[in-house]
Amino acid sequence: MDYKALAELLFPNVENTTEYYEEKYKARNLPEGAKVTRFAPSPTGFVHFGSMLPVVVSERLAHQSGGVFYLRIEDTDDKRYVEGAEEDLINVYKYFGVSFDESIMAGGEYAPYRQSERKDVYSAYAKKLVAEGKAYPCFCSAEELDETRKLQEERKVVTGYWGEYVKCRDLTLEQVEENIKAGKEWVLRIKSNGNPENKIKFTDLIKGAIEITENHIDHILLKRDGMPTYHLAHGVDDHLMGTTHVVRGEEWLPSLPYHLQIFGALGFKAPKYLHISQLMKAVEVEDEEGNVKTVKKKLSKRDMGAGLSYYIEKGYTPESVMEYVLTCLNSNYEDWRRANKDAHYTEFPFSIKKMSASGTLFDLAKLNDVSKNVVSKLTADEVYDRLTVWAKEYDGEFYNLLVNDEALAKGILSIGRGGNKSRKDFGTWSEVKPFISFFYDELFVREENVPESFDKETVNGVLEAFLASFDLSDDQNTWFGKIKELGAEKGFCPDVKAYKASPEGYKGHVGDVSTFIRVAVTGRTNSPDLYAVMQLLGKERVEKRIRDYINL
Ligand code: GLU
């Protein structure tokens, strides 16, 4: 067979050679040890939280080593095309502060970074494979392939184009020519030389030494429309774009033998691989004997928090999500964080060696804790700025309240903030409104009442006494002194310890007195510092709320 003639026959219009592209996309000039990584998503309309793991690993490996981290859009499969998905994806990562050195937006020396715009490049490499006798056109129709598959299923053998099921591998040049003249469509297949009895050995930087069965299937390299499959496209791109480390989900591990085959056939040096375990969730299942046990399952699209957009809508700070992802990725991250409370997460020495080879358990409760911690370290001004950006998008009513009286909002957000013992009331922007709503008359509702053990007359008596003594200009000590005093007059022990030691003879203690006032003013039994709350609400509102409560 004259493979060169076959290549010309199949690709008459492909003029640029692979040498041309090797010259055009020169090897990167980077310092020794610099890693080049990529994030190569297919925009399918859903951005999984789990993608954040390879993204963070790729970003850290590249930037920690003085290398390059780039974004490549893998959109050669138009069956999976979803309108607007690419934009969504970019916006999602942007929110989390993931920055790409090269991308469809930022450009770069290896542009275009969208695979659908690189058809010519892949064609050149496909043509080369044909010219070297490593790939061939296959004219089998969808119906024929379907029949083969059914037969294979009946025979319980691996499905696909291999061994005795292969029909087009040995077509002569003349037969190919005739088929083409007859207008038959073709796909390009790799001429696989793998043997299913053999295992390939290879080392994954996370999973260690691995043995996987060689690929013996003549998989598709180019589809009928001349577009490459992901397999060929990513191989060509990872080579030309100088990727040194491929970080991706472990669901790609079974394709690896095929990928290595493509790299080998094209004479490329394969990159190093890091296959990351999938995010798991803990679910309780009942076995046949009715025993309940916890098992790990894949975090699916429908699970709460599975999509990254959830975190944007709920108003998680990007840092919280990053912190949490790092705790999932490196077992020593939390220790490092405890020892370096104020450091930025990028200062953490990320290490591949500290990554776990088994699945990480996704834990939203933990992420929420991390978030509360992160938000507690922000200043009131920072909280205000970020909260208003979030509210503008997701809660117009709240946004208006926040911006109509900026000083009040900042005052509210300042309560209990600062120092080491900052309050950890909320970790997301969507949690703020229910937490501070009682400050605003427009949102105020009475949610809780005083314990039932106190009768209305007693409570009202205390509240009347408070109103009589209330002076907004009192300092906190004077204010609290008055509460103790009026409580004592009404039969409430001014000292909680003393009360607990001998409660007889009292109606309660000073804490109960505070609860009455707190409930009257805020409608809740729990609130931030009551003195600070009153200072912000002002004399009139405090008095009105107490009067309203008395008259209830
Ligand atoms: N485009 C592939 C995906 O959708 C990327 C796989 C890889 O990183 O090699 O996940």
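At R0 = 56 Å, how high is the FRET efficiency between T525 and I210 if r is their beta carbon distance? Nearest 0.05 is fine. Can you show the working numbers first?
On the way: r = 58 Å, r/R0 = 1.03.
Efficiency at R0 = 56 Å is approximately 0.45.
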Work out the FRET efficiency for W252 and F435 from their Cβ-Cβ distance, taking R0 = 41 Å, and round it to the nearest 0.05. 0.45
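Per residue, how much accessible area does region 362-467 show when a 1.4 Å probe rolls over the protein heavy atoms, in square angstrom? Provide the component values of the computation, followed by the final result.
Working: 5380 Å² over 106 residues.
On a per-residue basis, 51 Å².
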R155 versus N449: modelled label distance in nm, points set 7 Å from Cα along the beta carbon direction: 7.9 nm
Give the aspartates and glutamates reachable from K184 as a straight Cα distance under 15 Å; neighbours fewer than 8 places away on the same chain don't count. E143, E144, E174, D225
Counting only Cβ distances under 4.7 Å between cysteines, those in the chain with no partner are C140, C328, C493
Calculated from DSSP helices alone, with each H run of at least 4 adding -39500 (n - 2.57) and the total divided by the residues of the chain, [θ]222 nm to the nearest 500 comes to -13000 deg cm²/dmol
Descending accessible area (1.4 Å probe), largest on the left, turns F435, F480 into F480, F435
Toy charge model, Lys and Arg Cβ at +1, Asp and Glu Cβ at -1: region 180-331 dipole around Cα centroid in debye, rounded to 20, equals 660 debye
In nm, the gap between the two label points placed 7 Å beyond Cα toward Cβ at K201 and A365 is 4.5 nm
If you stretched the chain out fully between E485 and K184, how much longer would it get, using 0.36 nm times the residue separation minus the C-alpha to C-alpha distance? 98.6 nm
Enter the Cα centre distance for the pair region 417-455 and region 201-232, rounded to the nearest angstrom. 55 Å
Go through I483, I415 and list them by solvent-accessible area, largest first, probe radius 1.4 Å. I415, I483
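How do H216, H275 rank by accessible surface area computed with a 1.4 Å probe, from largest to smallest? Numbers along the way, then the final one.
Numbers: H216 30, H275 0 Å².
My answer, sorted largest first, is H216, H275.
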How large is the charge dipole for the chain, taken about the Cα centre, if only the Cβ atoms of Lys, Arg (+1) and Asp, Glu (-1) carry charge, to the nearest 20 debye? 1200 debye
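The values are calculated or read from the model by the stated rules, or taken from the named source; none is laboratory data. This one's a predicted model, so the numbers in the text were calculated from it and none came from an experiment. With ideal geometry, Cβ positions are generated from the backbone for all residues, glycine too; neighbour counts draw on all protein chains shown. What goes into the accessible areas is simple: the full protein's heavy atoms, side chains included, and nothing from ligands, DNA or RNA. Shrake-Rupley method; radii C 1.70, N 1.55, O 1.52, S 1.80 Å.
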